[in-house]
């Protein structure tokens, strides 16, 4: 865990997001909210968003996600299905992993090199307005080619 001026960051990516939010003077909190995500079997798991940025009644939950964390991505999908439309779930991952994460797992997604754009987007959100639309990237699909001649 790294500490930055009262901010407890658990990963280098979270530290990079926090640093950029501080640079752009975007107020934010770390692990200040707790949710329960219910699963199909009737159980539930705890979810604490890494970073919370508030714009009026709109909450931006910013979650750094390492490549290959499929169980975590499934939990985030469940979270999105169960919680308020005034919550915007934003994932930040490695640039090369953006199109590997299912679009159902997030409202917005950014590569690690786009943290500045993410922070600007949150800062520019009108606290009294509707959430600005986000165009989700198209996932690349593997195509099978018939190589028989």
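The values are calculated or read from the model by the stated rules, or taken from the named source; none is laboratory data. A quick note: this is a predicted structure, and the numbers were derived from the prediction, not measured. Reconstructed Cβ throughout: ideal geometry from the backbone, glycine too, with neighbour counts over all protein chains shown.
Among the numbered conditions (1) touching a residue at least 40 places away in the same chain (Cβ under 8 Å); (2) in a strand (DSSP E or B), tell me where residue 90 comes up short.
Only one criterion is unmet by residue 90, namely (1).
Anything in the range 63-88 that is touching a helix residue (DSSP H, G or I) at 6+ places or on another chain (Cβ under 6 Å) and under 22 Å from residue 124 (Cβ atoms)? List them, or say none. Working first, answer last.
Our first condition is that a residue be touching a helix residue (DSSP H, G or I) at 6+ places or on another chain (Cβ under 6 Å); within the range 63-88, this holds for 64, 67, 73, 76-77.
64, the sole residue that qualifies.
Go through the range 11-25 and count every residue that is over 18 Å from residue 65 (Cα atoms) and either part of a helix (DSSP H, G or I) or in contact with a strand residue (DSSP E or B) (Cβ under 6 Å, 6 or more places away or on another chain) (or both).
So the count comes out to 2.
Quick one: would you say residue 116 is in contact (Cβ under 8 Å) with a residue 60 or more places away in the chain, surrounded by fewer than 19 Cβ atoms within 10 Å (Cβ to Cβ) and out of contact with any helix residue (DSSP H, G or I) (no Cβ under 8 Å at 6 or more places or on another chain)?
The answer is no for residue 116.
Which residues, taken from the range 26-39, are in a loop (DSSP other than H, G, I, E, B) and in contact with a helix residue (DSSP H, G or I) (Cβ under 9 Å, 6 or more places away or on another chain)?
If the condition is that a residue be in a loop (DSSP other than H, G, I, E, B) and in contact with a helix residue (DSSP H, G or I) (Cβ under 9 Å, 6 or more places away or on another chain), then 26, 27, 28, 39 are the ones that fit.
What are the residues in the range 48-73 that are surrounded by fewer than 17 Cβ atoms within 10 Å (Cβ to Cβ) and more than 10 Å from residue 28 (Cα to Cα), if any? Reasoning before the result, please.
Taking the range 48-73 first, the residues surrounded by fewer than 17 Cβ atoms within 10 Å (Cβ to Cβ) are 48, 54, 56-57, 66-72.
Within the range 48-73, 48, 56, 57, 66, 67, 68, 69, 70, 71, 72 meet the criteria.
Would you be able to tell me the number of residues in the range 49-78 that are more than 12 Å from the chain's Cα centre (by Cα) and part of a loop (DSSP other than H, G, I, E, B)?
5
Before we move on, is residue 13 surrounded by 16 or more Cβ atoms within 10 Å (Cβ to Cβ), under 25 Å from residue 123 (Cβ atoms) and modelled with pLDDT of 90 or more? Give the derivation first.
Details: surrounded by 16 or more Cβ atoms within 10 Å (Cβ to Cβ): yes; under 25 Å from residue 123 (Cβ atoms): yes; modelled with pLDDT of 90 or more: yes.
Spelling it out, residue 13 is indeed surrounded by 16 or more Cβ atoms within 10 Å (Cβ to Cβ), under 25 Å from residue 123 (Cβ atoms) and modelled with pLDDT of 90 or more.
Any residue at all in the range 83-103 that is over 24 Å from residue 15 (Cα atoms), more than 14 Å from the chain's Cα centre (by Cα), surrounded by 13 or more Cβ atoms within 10 Å (Cβ to Cβ) and at pLDDT below 95?
Yes: one or more hits.
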